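Undergrad: One structure coming up, written as structure tokens, with questions to follow.
The values are calculated or read from the model by the stated rules, or taken from the named source; none is laboratory data. All values derive from a computational prediction rather than experimental measurement. A quick note on method: Cβ atoms are made from the backbone with ideal geometry, for glycine too, and the neighbour counts reach across all protein chains shown.
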Amino acid sequence: MSTGKVAIVTGAGTGIGKACATALLKNGWNTVFTGRRVNVLEDAIASAGETQARAVAIGCDISRADEVDALFDKAVAEFGRVDLLFNNAGMGYKSTLIDEIPVEVWQDVVGANLTGSFLCARAAFRQMRRQDPMGGRIINNGSISAYAPRPGSVPYTTTKHAISGLTRTLVLDGRPFDIACGQIDIGNALTEMAAPMTRGVPQANGEIAVEDVMDVGHVADAVLHMAGLPLEANVLFMTVMATKMPFVGRG
């Protein structure tokens, strides 16, 4: 059964984005799968199988304001409104000390993780406050790096700390317009991006260690819960992590 509600998921071709966009689609959300590679998005939609809700693939580089505006224009032309934005797309970089990180890498990570989230939230907010009925929900992918860094992760950790500020400000600014905003902080969901955890990654004490991981489906379930709440209720911050990963305490 279709809910009639409309979701936009960035970075929806692979990993967490694909899992969450697919879960939304299968649970009745008309869903826009967006990312840079349209063929990958189309494959993700095809892999979802037959659904009563509809899905479309729209290519977009979220670091470019003109492409983000075009994305939301196309989504509204297709479905009439936007009820949910999952600000998921992002990128990382290998563990590197700050003086060895090329400036171009910093700019790419900031462009994808922070500027992209700002531009998509900006476009979603603009649509949600003007549509009838007014309102909607924005969920930001923060990561546990919004709280604690990994060694050699200056660009990624800096952007994820900034996402928490974006989330809190949107919560405040969205109140008059029935726009809710929450953040999901994910630790070691097993995707291609997290695969190195299963082989060993640098730890705070200088060691290389294998870390526990969890099925990405648990993240999709959490996003579904956040998305399905009435706008009078909001999950402000949710941490979903592999139970035994080194995050809480001293490792």
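Undergrad: Is there any pair linking a residue in region 23-47 that is assigned to a helix (DSSP H, G or I) to one that is β-branched (Val, Ile, Thr) and surrounded by fewer than 22 Cβ atoms within 10 Å (Cβ to Cβ), with Cβ under 7 Å and at least six apart or on different chains, and which?
TA: Leu25/Thr51; Lys26/Thr51; Val40/Thr14
Undergrad: Tell me whether region 177-186 contains one or more residues that are in a helix (DSSP H, G or I) and under 29 Å from Asp66 (Cβ atoms).
TA: yes
Conditions tested, residue by residue: (1) touching a residue at least 24 places away in the same chain (Cβ under 8 Å); (2) of a type outside the set (Gly, Ala, Ser); (3) over 11 Å from Ala162 (Cα atoms).
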residue	(1), (2), (3)
Asn113	yes, yes, no
Leu119	yes, yes, yes
Phe125	yes, yes, yes
Asp132	no, yes, yes
Ile138	yes, yes, yes
Ser145	no, no, no
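Undergrad: Shifting gears a bit: Here are some residues: Ala55, Ala65. Which one is surrounded by fewer than 16 Cβ atoms within 10 Å (Cβ to Cβ) and farther than 23 Å from Ala194 by Cα?
TA: Answer to the selection: Ala65.
Undergrad: Would you please name the residue that is surrounded by the fewest Cβ atoms within 10 Å (Cβ to Cβ), looking only at residues in region 120-145 that are small (Gly, Ala, Ser) and more than 13 Å from the chain's Cα centre (by Cα)?
TA: Let us first name the residues in region 120-145 that are small (Gly, Ala, Ser), namely 121, 123-124, 135-136, 142-143, 145.
Next, from what is left, pick out any that are more than 13 Å from the chain's Cα centre (by Cα): 123-124, 135-136, 145.
Working: Ala123: 23, Ala124: 25, Gly135: 16, Gly136: 26, Ser145: 22.
Only one residue fits best here, namely Gly135.
Undergrad: Across region 220-251, which residue is nearest to Gln203 (Cα to Cα) among those that are surrounded by 12 or more Cβ atoms within 10 Å (Cβ to Cβ) and of a type in the set (Gly, Ala, Ser)?
TA: The selected residue is Ala242.
Undergrad: Consider Ala123 carefully, then state whether it is in a loop (DSSP other than H, G, I, E, B) and not β-branched (Val, Ile, Thr).
TA: No: the conditions fail for Ala123.
Undergrad: Residues in region 188-196: is at least one under 17 Å from Leu236 (Cα atoms) and acidic (Asp, Glu)?
TA: no
Undergrad: Could you list, in sequence order, the residues of region 70-93 that are without any contact (Cβ under 8 Å) to a residue 12 or more places away in the chain and surrounded by fewer than 15 Cβ atoms within 10 Å (Cβ to Cβ)?
TA: Going residue by residue through region 70-93, those that are without any contact (Cβ under 8 Å) to a residue 12 or more places away in the chain are 70, 73, 77.
If the condition is that a residue be without any contact (Cβ under 8 Å) to a residue 12 or more places away in the chain and surrounded by fewer than 15 Cβ atoms within 10 Å (Cβ to Cβ), then Asp73, Ala77 are the ones that fit.
Undergrad: Considering each of Glu50, Glu78 in turn, give the residue that is in contact with a strand residue (DSSP E or B) (Cβ under 9 Å, 6 or more places away or on another chain) and charged (D, E, K, R). Give the derivation first.
TA: Numbers: Glu50 fails: in contact with a strand residue (DSSP E or B) (Cβ under 9 Å, 6 or more places away or on another chain).
Unique residue meeting the criteria: Glu78.
Undergrad: Just wondering, is there one or more residues in region 129-137 that are small (Gly, Ala, Ser) and outside any loop (DSSP other than H, G, I, E, B)?
TA: yes
Undergrad: Okay, moving on. Would region 83-92 turn up any residue that is part of a helix (DSSP H, G or I), polar (S, T, N, Q), within 14 Å of the chain's Cα centre (by Cα) and at pLDDT 95 or above?
TA: Looking for residues that are part of a helix (DSSP H, G or I), polar (S, T, N, Q), within 14 Å of the chain's Cα centre (by Cα) and at pLDDT 95 or above, one finds none in region 83-92, hence no.
Undergrad: Let me ask something additional. Of all residues in region 187-207, how many are touching a residue at least 40 places away in the same chain (Cβ under 8 Å), assigned to a loop (DSSP other than H, G, I, E, B) and touching a strand residue (DSSP E or B) at 6+ places or on another chain (Cβ under 8 Å)?
TA: Summing the residues that are touching a residue at least 40 places away in the same chain (Cβ under 8 Å), assigned to a loop (DSSP other than H, G, I, E, B) and touching a strand residue (DSSP E or B) at 6+ places or on another chain (Cβ under 8 Å) in region 187-207 gives 2.
Undergrad: Taking Gly4 and the conditions (1) under 24 Å from Gly174 (Cα atoms); (2) in contact (Cβ under 8 Å) with a residue 60 or more places away in the chain; (3) surrounded by fewer than 18 Cβ atoms within 10 Å (Cβ to Cβ), which numbered condition does it fall short on, given that it satisfies the others?
TA: (2)
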